[in-house]
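K.L.:
I have a structure I would like to understand better, so I am pasting it below and will then ask my questions one at a time.
What follows draws every value from the coordinates through simple rules; no lab data is involved. Every value quoted in this text rests on a predicted model; they were computed, and no experiment measured them. Please note: Cβ atoms are built from the backbone with ideal geometry, for glycine as well, and neighbour counts cover all protein chains shown.
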Amino acid sequence: MKNENSAPGATETRHLLIPLVVLALAVGSCAPSSDTGATPNAPSKAEDSNPTQPPAMEMPQVLLPDGFEVTLELAITPEELAQGLMYRPKLPQNRGMLLIFAEERLPSIWMMNTLVALDLVYLDSAGSVVDVVTDAQPCPGEPCPRFTPKLPAKAVLEIPAGAATRHAIAVGAQLDFVRVPEFPSEFSDGNGLEVPNLDANPSG
């Protein structure tokens, strides 16, 4: 029963305070855990749903052989390369990650702590496919298989399992990248070899 002696608006104020308290508790629960026992590289829920992520049109993209566009995240630093797509509960069909190395190498990719099956597309410096691993399955614990290309690769495109076959990605195919810094190499000879930029340091 309403208290007739209450100051006007008191009931409404109490009703307002209740959702505010609930909201404060909810925000607090989204804060990153400081527990040192937590898995170091596991992303928080707040990071997974980052509202400041730029629109897809501004992000790096790759055009697959059949014209399908995939929006990319880039992994370039040692920390990003080590993390890869670990702990992601899902990967949409139009999303992927491009791992870019400092130089061509025989990278060994594993699926430890990766929660979704992937296709691994190995690329030379010119953006040409040198090897493809399809349907690499998540690995819950060691021993985990390592996936190494038959030829040196400058980058690895990680996309949802089945995408390589569905979009005609095969050895020898050329992928077109947009807004990916320094990849493919501007001075690649088209055969996976980088040639010197003779105009970078003109003599005389």
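K.L.:
Which of Leu115, Ala168, Ala126 sits farthest toward the positive end of the charge dipole of region 55-178, with +1 on the Cβ of Lys and Arg and -1 on the Cβ of Asp and Glu?
P.N.:
After comparing all options, I get Leu115.
K.L.:
A follow-up question, please. So for each of 150-163, 74-87 I average, over its residues, the number of other beta carbons within 10 Å; can you give me the resulting order with the highest mean first? Working shown, then result.
P.N.:
On the way: 150-163: 20.8, 74-87: 15.1.
The densest-packed peptide leads the list: 150-163, 74-87.
K.L.:
Could you check the spin-label model distance between Ala170 and Lys150? Points 7 Å from the Cα along Cα→Cβ, value in nm.
P.N.:
1.3
K.L.:
Could you check the spin-label model distance between Arg179 and Phe68? Points 7 Å from the Cα along Cα→Cβ, value in nm.
P.N.:
Going from the Arg179 label point to the Phe68 one covers 2.1 nm.
K.L.:
Using a 7 Å offset from the Cα along the Cα-to-Cβ direction at both Glu58 and Leu81, what is the distance between the two label points in nm, to one decimal?
P.N.:
Here the answer is 2.8 nm between the modelled labels.
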